[in-house]
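Just below is one structure, and these are the notes that go with it.
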Amino acid sequence: MNRSALTHFAGIVIVLVILAVLPHFLRYHHQDFLIFLVINILVVSSYRLVTLTGEWSLIHAVMMGVGAYGSAILSKQFNVSFWLSMPLAGVVAGSVAALLCYPLFRMTQFYFLIGSFAAGEAIRLSWIHFIKPFGGTSGVSGIPSPELGNIDFLEPIPYFYLVLIIVTLCLFLLYRVEKSRVGLTLHAVHWKAPLAESVGVNTWNYRSLAFITGSVFVGIAGALKVHYIGTVTPKQFDIGFMVFILIWVIVGGYRTFYGAIIGAIVLSILDEAFREFDELRPAIYGAILVFAILFLPAGLESLPQRLREKFGRSGAKEAG
Amino acid sequence: MAILEVRNLTKQFGGLTALNDVSFSVEPGEIHGLIGPNGAGKSTMFKNIAGFYAPTSGEIRFDGRDITGLKPSRISHEGIVRTFQETTLFQELSVFDNVLVGTHNRSRTDIFSAILGLDRQKQREAEDSAIEVMEFMGLADRRDQLAAELPLGSQRALAIAIALVSKPRLMLMDEPFAGMNPEETGHMMDLTRRVRESGVTIVLVEHDMKAVMGLCDRLTVLNFGTLLARGSPEEVRNNPDVISAYLGGSHA
C-alpha cells in the first residue's frame, strides 16, 4: 500500500470510528436523524454513478421508492425475511430500471431529464392508483423490522449499526466500480461520446449500465429507510425529495466521489439546525443553492483547494 | 484484395445529395488520401465508413465483409477506428486514462469482475499496451498530464494513440494536420508513417496539399459529392479536372 492510499485508509477508519461511537452521545431524535443521513449518503453516492455518464435523471428518488415498496410488499405479504427482501429490493429496482432503459435512453440530456421525470411520475401514480398491492396515498404500513437473535432493531442504535455496515459495504462497491475500467469508460462516455464509440464503446449499453447499477443501490437504500420507519408512502419519494438529492450533489460537487457525500452531510446538518424555523427552511435551502452556484460553482469539494490557493497568494504577497 | 471497398455509395440528406454514386478502394498497407475542395463530401464519406451515418444506398466492404450501416462501436470491433477533426479527446482525463479507454475493444471487462477484482490480469495487460503505445507515440513523459493541457502536436499524437491502442487494421484520420506549423506537420508525417509501418492501413482526409502529396501512396479526389479522379499523387496533380476544380476555372 503506498502512502496516499494509507492516509485514505486511515481517514476512512477514523470517520467510521467516530460514526460508530457518535449515536451514544446523541438524543433519541438525533439518532433518527443520523440513520437517515447515512441512508441519504447511499442515495447521493448511487446517484453519482448514474450521473457519471453525464445524464442527470429525475427518477432516482422514485427508484428508491421502487426498492422500498418491493421490500415492504415482499416482507409483509409474502413473509420474506428482511435479510432477503433488502437485497431483493435492489434487484427489483434494478429490473425496473432495466425495463425503463429502452425508452429513456433514446433521449439524451434535457430530453432525458424530462423523460425520466415523466417515467418517475408514472410509477408514483401507479402506487397511488393501484390500491392493491400498493395501498394508495396512505401506502403500506406495518412493515416488519429486521430480526436477528434478540437484537431489537426498533431501537435506533442497533438499526444505526445495521445501516452503517450495509451503507459502508455499498459505498465500497460503488467506489470500486468508479475506479475500475468500467468507471473510466463511464467518464469517457460523458466527456466525448463519439470518440468513445469510435474505439468500440457501446454508449447506450454503458448509460444503461450506470442507470441500472445506481438504481440497484438506491433500491437498497429505500428498503433500509422503510424497514426503520415501518411505513412506505408515495409522498416520501416525490419530486421534492429528488430536488434535495440534486441540491446535495450540486452543492457538494460532482467531480469527486466524496463531493456528493459532503453535500449531503453539510446540508442535512444545516437543515436540522434550522428545524425550529420550519417555514423558513425552503427559503434557506434556496439561498444556499444560489450562493453555492455563485461563489462555489465547483462545490464544497473544491473548498480545500480554493482555501489553499487563497492562503498561498496572501503568503506570496507578504513575501513580496 | 482491397482491404476497404466502397461501391456506388450515395448519401442524401433530405433533398441534398452529399455523396453521389462514389466508388473507391484502399489496398492493405497503403496511405490513401481523400481530398477535394470544401463541401466535396470527404467528411460525409468518413462518417459513412465509420458508421456515424448510414448510407442511402451503396455498399461498404471491409476485408470482404459487408459493414454497411453498422453502428460505430460495431465497426470499431471489425477493426476500423477513426480520429476526429480538431482535437477530440477526453479533455478532463489524464493522457494515460485517455489511452486506456482505447483498450476497450481488446480487453473487455464487466461490472461484476470490476467489483470483485477478477480483472486484475486484464487490467495489467491493458495498462501495459497503453504504456507501449504512449512510448511509440512519444507521450510517455506526459503520462499524468490532463489531455486539455497538452500542446496541439501532442494532442494530435494522443488522438492517434487512443485509436492505435485498439489495434485497428484501418485508421481513418480526419484532417490530422489542420492548424499545424511546418515543424509540427513534419513531426506528424513521421508519426503517420510509423503507424503505417506498424501494419495499419491509413485513409486520411486532409487539406494540406504538401503533406498529402508527400505522404500518400494513392489519392481519391471528390468534388460536389462525386468522384473526380483517382491515382497516384503524380497523376492526380496533373489531372486537368482536378486542377480546374481546385482553381475554380473552366477547361481552358
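No lab work stands behind these numbers, since they all come straight from the coordinates. Here the structure is a predicted model, which is why all the values come from computation and not from measurement. Cβ: placed from backbone, ideal geometry, glycine included. Neighbour counts: every protein chain shown.
Residue separation of A:ASP238 and A:ALA118 scaled by 0.36 nm, minus their Cα-Cα distance, works out to 42.0 nm of gained length.
Annotation: the residues A:TRP204, A:TRP191, sorted from fewest to most other C-beta atoms within 10 Å of their own C-beta, follow the order A:TRP204, A:TRP191.
Within region A:242-315, report the chymotrypsin sites (Phe, Trp or Tyr not before Pro) that DSSP leaves as loop and that have at most 14 other Cβ atoms within 10 Å. Listed in order of number, the matching sites are A:PHE274, A:PHE277. The mean number of Cβ atoms from other chains found within 10 Å of a Cβ in peptide B:114-120 is 4, as a whole number. Expressed per residue, the C-alpha convex hull volume of chain B stands at 140 Å³. DSSP bridge analysis restricted to chain B gives an antiparallel fraction near 55%, rounded to the nearest 5. Across chain A, the relative contact order, built from alpha-carbon pairs under 8 Å that are at least six residues apart, equals 29 percent. Karplus-based coupling profile of region A:107-112, in residue order and whole Hz: 10, 9, 6, 4, 5, 5, with θ = phi - 60° in 6.51 cos²θ - 1.76 cosθ + 1.60 and x standing for Gly or Pro. Ignoring GluC sites (Glu not before Pro) that are buried or in helix or strand per DSSP, and keeping those with at most 14 other beta carbon atoms within 10 Å, what is the longest stretch of chain A between them? Of all site-free stretches, the longest is A:1-146.
Compactness of the protein assembly as shown was expressed as the Cα radius of gyration divided by 2.2 N^0.38 Å, which yields 1.16. Per-residue shielding of B:87-96, expressed as the average number of other chain Cβ atoms within 10 Å of the residue Cβ, stands at 3. Each helix, a run of at least 4 DSSP H residues, gives -39500 (n - 2.57); summed and divided by the residues of the protein assembly as shown, these come to -18500 deg cm²/dmol at 222 nm. All distinct Cα pairs of region A:49-105 go into the 1/r average, and the inverse of that average, the Kirkwood radius, is 12.1 Å. For chain B, modelled as a GNM whose springs connect Cα atoms under 10 angstrom apart, the maximal fluctuation among B:ARG120, B:ARG142, B:ARG196 occurs at B:ARG120.
For A:ALA10 and A:LEU280, a Förster radius of 45 Å and the Cβ-Cβ distance give a FRET efficiency of 0.70, rounded to the nearest 0.05.
For the segment A:176-184, counting C-beta atoms of other chains within 10 Å of every residue's C-beta and taking the mean gives 6.
Cβ crowding within 10 Å ranks B:THR17, B:THR83, A:THR137 as A:THR137, B:THR17, B:THR83, fewest other Cβ atoms first. Simple point charges give the picture: +1 on the Cβ of Lys and Arg, -1 on the Cβ of Asp and Glu, and for region A:98-241 a dipole about the Cα centre of about 460 debye. Distance from the C-alpha centroid of region A:119-136 to that of region A:33-108: 16 Å, rounded to the whole angstrom. At an R0 of 45 angstrom, the distance between the Cβ atoms of B:GLU135 and A:LEU270 translates into a FRET efficiency of 0.30. Between the beta carbons of B:ASP21 and A:ASN150, assuming R0 = 56 Å, the FRET efficiency works out to 0.10 to the nearest 0.05. Could you pull out the pairs from B:LYS42/B:LYS122; A:LYS179/B:LYS42; B:LYS42/B:LYS167; A:LYS225/B:LYS122; B:LYS71/B:LYS210; A:LYS179/A:LYS235 whose alpha carbons sit more than 30 Å apart here? Over 30 Å Cα-Cα: B:LYS42/B:LYS122; A:LYS179/B:LYS42; A:LYS225/B:LYS122; B:LYS71/B:LYS210; A:LYS179/A:LYS235. The Kirkwood radius of region A:238-320, taken over pairs of alpha-carbon atoms, gives through the Stokes-Einstein law at 37 °C and 0.692 mPa s a diffusion coefficient of 236 µm² s⁻¹.
Close amide H partners of B:LEU4, meaning residues 5 or more places away or on another chain with modelled amide H under 5 Å apart, are B:VAL26, B:ASP63. Put in line by how crowded their Cβ is, counting other Cβ atoms within 10 Å and starting with the fewest, A:TRP56, A:TRP127 read A:TRP56, A:TRP127. Its Cα centre serving as origin, region A:238-320 has a Cβ charge dipole (Lys and Arg +1, Asp and Glu -1) of approximately 580 debye.
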